[in-house]
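Input: a single structure, listed below in structure tokens.
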Protein chains: 2
Amino acid sequence: MISLKGAPVAKALNDASRARASRLALKSVEVKLVVVRVGKDDSDTAYLRGISRAAEASGIAVELIELTRRVPQRELNELLGDLSADPAVSGILLLRPLAEGLSEHEAAFAIAPEKDVDAMGERALAQLFSGRSDGFAPATARAVLEILDHYGYDVRGRVGCVLGRSTVVGRPLQALLTSRDATITLCHSKTPRIDEICRGSEFIACAVGVAGFVTPEMVSPGAWVVDVGINVGEDGRLTGDVAPEVAEVAGALTPVPGGVGAVTAATLVAQTVRAAERIAQSGRRAKDE
Amino acid sequence: MISLKGAPVAKALNDASRARASRLALKSVEVKLVVVRVGKDDSDTAYLRGISRAAEASGIAVELIELTRRVPQRELNELLGDLSADPAVSGILLLRPLAEGLSEHEAAFAIAPEKDVDAMGERALAQLFSGRSDGFAPATARAVLEILDHYGYDVRGRVGCVLGRSTVVGRPLQALLTSRDATITLCHSKTPRIDEICRGSEFIACAVGVAGFVTPEMVSPGAWVVDVGINVGEDGRLTGDVAPEVAEVAGALTPVPGGVGAVTAATLVAQTVRAAERIAQSGRRAKDE
């Protein structure tokens, strides 16, 4: 069984980001990601640490803006609007879920599409939906593809399933995989005989947020399994959605921790570098006109 | 076998539209759909006739604007922008595909989201993708749901497949059905063993544009089959994507012609009435503030 460790994938992504950021620096373009966090939430801490590490490894700047949980929507939107207009900012990440009473949907409107590096807004979602490959994707969903690519698994012409239909992981992953010519069954809480659907799949991506949801009986021998779940056990330990015994059946499996989570931050940084490249390009184009 | 005829579905939709349009008329709101056609294409003729009929049956106005195939993109965009700003217009349909050299994507930007009754633009596609049920859907995709609803087929908790991944039918249909709690496998030209996937499905919606693509061997006895294909044979006759012999196996089947096609225009008109209702509502709200 191949252990689809995230670290080498993240390293390759960070190396590539560093090279591209250096090229931008030659043109006096600084790459900067701004992370907006509304209210402190322990579940963000590991991700924030990961983002800092990926940014450092890639040679880009990160700024964390922390707002109180009681920030009014209007103030949040204004901040996002100001960051969108600020030429020093390349990408904006608003940590989700937001505190109660705040609308993600409204906030997403305030983020300029060209800086929407975690694909919260309409432009990014519409592009994902239409299968246009030039847009941003939610970093977690894109990280799954980065892992499969890195380990040489070509989804084209393969039959797989995605478990979970969130706008942050399941749906974008389904869209990305379909655009790569995979045939995907999108499963969710109302899916009957989910074990049969999994057994009929050459690969499985699970993002349901239930520890041990995928059991060995659900996995066809040799199938590739990507575990997007991060669940905190009673003892504080992290576990994924996939039971550890699946390792005895699967052809390949991402560990948790150290799998998708380890690649997500690097993917986010890579998308931020891409945002900076495009903004610089369109700026040059505008100047030429 | 139940023949899922479109006429009664269209009639019910038109009756409901007429009642809602009358209520709007009491508030001096006229409902008007503008259809923009770039270049004459015989394949549009039947659809245009259907739209006229549905509009008449619903008591709403339709205006057809015909542009030459060589209209510059800028001019097309300007027209769509003017229609978007015109308070007398409730909904805008731009017939697709556009003539060569014209970008649908660019044109879609010029259509105001609240008048985008065939779901070409970012707002509608993002809403579809996110599973928000309050947006518009491409009329053909929505028509499939109208038929299933009318004949009492509840997709919730059922396993089905959609054949074809276009942005106009396959992808939106997958999204709509998933939001209705169906479990969908989205199949396309690179799908292996498509016959097996179909046989494992309780219902099938086919939109691939190949006459006779779905054969009886692919259909599980009793399964519901919706044929979205419209193919013109050498003799000029219309046939769907589903072979006629499927009627001997399926539990229910839409005829072609007289199935989905007959409902699409009524669905478009219904979405136009909804657009008019919302525009009137938000106008009142703006006045009140």
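Any read-out appearing in this document is the output of simple, stated calculations on the displayed coordinates, not a laboratory observation. Here the structure is a predicted model, which means the values were calculated and not measured. Cβ sites come from the backbone with ideal geometry, for glycine too, and all protein chains shown count toward neighbours.
Dipole magnitude for region B:26-113: about 180 debye, using +1 per Lys or Arg Cβ and -1 per Asp or Glu Cβ, origin at the Cα centre. How many angstrom lie between the Cα centre of region A:266-286 and the Cα centre of region B:88-130? Their Cα centres are 27 Å away from one another.
How high is the relative contact order of chain B, in percent, counting Cα pairs under 8 Å that sit 6 or more residues apart?
Details: 566 pairs, mean separation 65.7, N = 289.
In percent, rounded to a whole number, it is 23.
How many Å³ per residue does the convex hull of the Cα positions in region B:139-261 occupy? Each residue corresponds to 97 Å³ of Cα convex hull volume. Distance from the Cα centroid of region B:1-76 to that of region A:210-254 is 51 Å (rounded to whole angstrom). Taking the DSSP beta bridges with both ends in chain B, the antiparallel portion is around 5 percent. Taken over the protein assembly as shown, the percentage of Cα pairs per 10 Å bin, counting from 0 up to the bin with the maximum distance, is 3, 16, 25, 25, 19, 10, 1, 0.
Here B:LYS5 is the anchor, and the aspartates and glutamates within straight C-alpha reach of less than 20 Å, apart from those fewer than 8 places off in the same chain, are B:ASP15, B:GLU146, B:ASP149, B:ASP154, B:GLU202, B:ASP227, B:ASP241, B:GLU245, B:GLU248. In the elastic network of chain A, a GNM with C-alpha springs shorter than 10 Å, the most mobile of A:VAL273, A:VAL214, A:VAL232 is A:VAL232. Taking Cα atoms only, the orientation of helix A:139-150 departs from the longest principal axis of chain A by about 60 degrees.
Counting only alpha carbon atoms, the long axis of helix B:73-85 and the longest principal axis of chain B meet at about 70°.
What is the sum of charges around A:LYS40, taking Lys and Arg as +1, Asp and Glu as -1, for the other residues whose C-beta is under 10 Å from the C-beta of A:LYS40? Can you show the working numbers first?
Values: positive: A:ARG37, A:ARG69; negative: A:ASP41, A:ASP42, A:ASP44, A:GLU66.
Around A:LYS40, the surrounding residues sum to -2.
Shielding by partners for peptide A:146-158, expressed as the average number of C-beta atoms from other protein chains within 10 Å of each residue's C-beta, is 1.
Counting Cβ atoms of other protein chains within 10 Å of each residue's Cβ and taking the mean over peptide A:175-187 gives 5.
Across A:THR178, A:THR272, A:THR264, mean-square fluctuation computed from a Gaussian network of chain A (C-alpha pairs under 10 Å connected) peaks at A:THR178.
Between exposed trypsin sites (Lys or Arg not before Pro) in chain B, where DSSP calls loop and at most 16 other Cβ atoms lie within 10 Å, what's the longest gap?
Values: sites that count: B:LYS27, B:LYS40, B:ARG69, B:ARG70, B:ARG132, B:ARG156, B:LYS190, B:ARG193, B:ARG237.
Longest run free of exposed loop sites: B:71-131.
Among the GluC sites (Glu not before Pro) found in region B:157-262, those both in a DSSP coil and sparsely packed, with 11 or fewer other Cβ atoms within 10 Å of their Cβ, are B:GLU234. On C-alpha positions alone, give me the angle between the axis of helix B:260-288 and the longest principal axis of chain B, in degrees, nearest 10. Helix B:260-288 sits at roughly 40 degrees to that axis. Computed on the Cα atoms alone, the convex hull of chain B gives a volume of 133 cubic angstrom per residue. Could you list, in their original order, any pairs among A:LYS11/A:LYS32; A:LYS11/B:LYS190; B:LYS27/B:LYS287 whose Cα atoms are separated by more than 23 Å? Checking Cα-Cα distances, A:LYS11/B:LYS190 exceed 23 Å. With each label modelled as a point 7 angstrom along the Cα→C-beta vector, the B:GLU104-A:ASP195 pair spans 4.3 nm. Rounded to the nearest 5, the antiparallel percentage of DSSP beta bridges internal to the protein assembly as shown is 10%.
Legend: mean number of C-beta atoms from other chains within 10 angstrom of residue C-beta atoms, peptide A:127-134, equals 4.
Using a Förster distance of 35 Å, how high is the FRET efficiency between A:ALA85 and A:ALA12, based on the Cβ-Cβ distance and rounded to 0.05?
Numbers: r = 34 Å, r/R0 = 0.96.
It comes to 0.55.
Any chance you could tell me what percent of the C-alpha pair distances in region B:26-113 go past 18 Å? Here the tail beyond 18 Å accounts for 45 percent of pairs. Across every direction, the projection of the convex hull enclosing the Cα atoms of region B:80-182 has a mean area of 7.3 nm². The A:GLU66 and B:SER22 beta-carbon pair, evaluated with R₀ = 51 Å, returns a calculated FRET efficiency of approximately 0.40. Placing unit charges on the Cβ atoms of the charged side chains and taking the dipole of chain B about its Cα centre, the candidate lying farthest along the positive direction among B:ALA266, B:GLY131, B:SER22 is B:SER22.
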